[in-house]
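**Q** Let me give you the structure first, and then I'll get to my questions.
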Amino acid sequence: MNKQVMQASDSEPFFPMSNVQTVTLGMGCFWSPESLFGHLPGVIRTRTGYAGGTSMNPAYRQMGNHTETVQLDFSPGIITFDEILEVFWNNHNPVNINNYKGRQYLSLLFYSDDKQRETIQHVLRRRKEQGRGEPETEIAPYSGFHLAEDKHQKYYLKRFPNAIEKLNEWFPSQDDLNNSTLVARLNGLAKGYTNLERILNEMGQWPIRSEHQKLIIDLVKQIRW
Ligand code: MHO
């Protein structure tokens, strides 16, 4: 593979930066939600981190009053905020994670603007009408996010050393890896939320040059799982 042909910066981000929305979610241990959301078409980037607290410089061993969260950048033309919220509430039980490990694991939802706040109210009303009750989720305006340590980013994908080795050829820095849509999808694959065929089909729709697309598809096919 010729690294000169394509650097990570040529291929990423795969989507225009305009009209990208961000949301920050707490659903318990942040490893799984990063894989869950990472597999969804329309989710552009995922990262794990600490949010919601006031203590300085939180880290995994020193979380203070922060909570494990996953932060998503998504393209609302492909996946709406409403759909993101359904995935969020359908995939954890806010009652069960409260009171467990203090504030490390909480059901949290940090919205970015008034429009997101209105959508949250709308989805909550709809779910109530459907008899799904009022979730015990702390809902608040976004107040910051502290990126978690490298080993907590794309945690399930990192269980596959050959995948990381191959991907490092294209995404040499941890930042490149963190910000990659492809790496987010493969992290979903590593946890069993999607399969290779779906990822390859979706990649066919990505707005990247066809020679780059071919090289990325070759790379993905070479990975030994
Ligand atoms: N200690 C738990 C959760 C880790 S998560 C990053 C485990 O090993 O599964 O809180």
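**Q** Considering each residue of region 144-170, count those that are at negative phi, in contact with a strand residue (DSSP E or B) (Cβ under 7 Å, 6 or more places away or on another chain) and not aliphatic (A, V, I, L, M), and give that number.
**A** Filtering region 144-170 down to residues at negative phi leaves 145-153, 155-170.
Add one more test, that the residue is in contact with a strand residue (DSSP E or B) (Cβ under 7 Å, 6 or more places away or on another chain), and what stays is 145-149, 152-153.
The next check asks that each one be not aliphatic (A, V, I, L, M); those that pass are 145-146, 149, 152-153.
Counting residues in region 144-170 that are at negative phi, in contact with a strand residue (DSSP E or B) (Cβ under 7 Å, 6 or more places away or on another chain) and not aliphatic (A, V, I, L, M) gives 5.
**Q** Condition first: more than 11 Å from the ligand (Cβ to nearest atom), touching a Phe, Trp or Tyr at 6+ places or on another chain (Cβ under 7 Å) and not in a strand (DSSP E or B). Now tell me which residues in region 59-78 satisfy that.
**A** Residues satisfying the conditions are His66, Ser75.
**Q** Do you know which residues across region 59-75 are among the hydrophobic types (A, V, I, L, M, F, W, C) and crowded, with 22+ Cβ neighbours inside 10 Å?
**A** Selection gives Val70, Leu72, Phe74.
**Q** Related question: For region 76-103, how many residues meet the condition of being among the polar types (S, T, N, Q) and touching a strand residue (DSSP E or B) at 6+ places or on another chain (Cβ under 6 Å)?
**A** Total meeting the criteria: 0.
**Q** Would you pick out the residues in region 173-225 that are of a type in the set (Asp, Glu) and more than 22 Å from Val20 (Cβ to Cβ)?
**A** Answer for region 173-225, where residues must be of a type in the set (Asp, Glu) and more than 22 Å from Val20 (Cβ to Cβ): Glu197, Glu211, Asp218.
**Q** Looking at region 187-224, which of its residues are of a type in the set (Gly, Ala, Ser) and touching a helix residue (DSSP H, G or I) at 6+ places or on another chain (Cβ under 9 Å)?
**A** Correct list: Gly188, Ala190, Gly192, Gly204.
**Q** If I filter region 171-188 for residues that are on the phi > 0 side of the Ramachandran plot and not aromatic (Phe, Trp, Tyr), do I get at least one hit?
**A** Checked against the condition, which is being on the phi > 0 side of the Ramachandran plot and not aromatic (Phe, Trp, Tyr), region 171-188 yields no hits at all.
**Q** Can you run down the residue pairs with Cβ atoms below 7 Å, 6 or more apart or on separate chains, where the first is in region 44-62 and under 19 Å from Pro141 (Cα atoms) and the partner is surrounded by fewer than 22 Cβ atoms within 10 Å (Cβ to Cβ) and aromatic (Phe, Trp, Tyr)?
**A** Hits for this filter: Gly49/Phe145; Ala51/Phe145.
**Q** Still on this structure, I have one more. Which ones in region 96-136 are in contact (Cβ under 8 Å) with a residue 40 or more places away in the chain, hydrophobic (A, V, I, L, M, F, W, C) and under 25 Å from Thr54 (Cβ atoms)?
**A** Ile97, Leu106, Leu108, Leu109, Phe110
**Q** So in region 22-58, with the set limited to residues that are in a helix (DSSP H, G or I) and hydroxyl-bearing (Ser, Thr, Tyr), which one is surrounded by the most Cβ atoms within 10 Å (Cβ to Cβ)?
**A** My answer is Ser35.
Computed from the coordinates by the stated procedures, all read-outs in this text should not be read as laboratory data. These numbers were taken from a predicted model, which means no experiment stands behind them. Methodologically, a virtual Cβ is constructed for each residue, glycine included, from the backbone with ideal geometry; neighbour enumeration extends over all protein chains shown.
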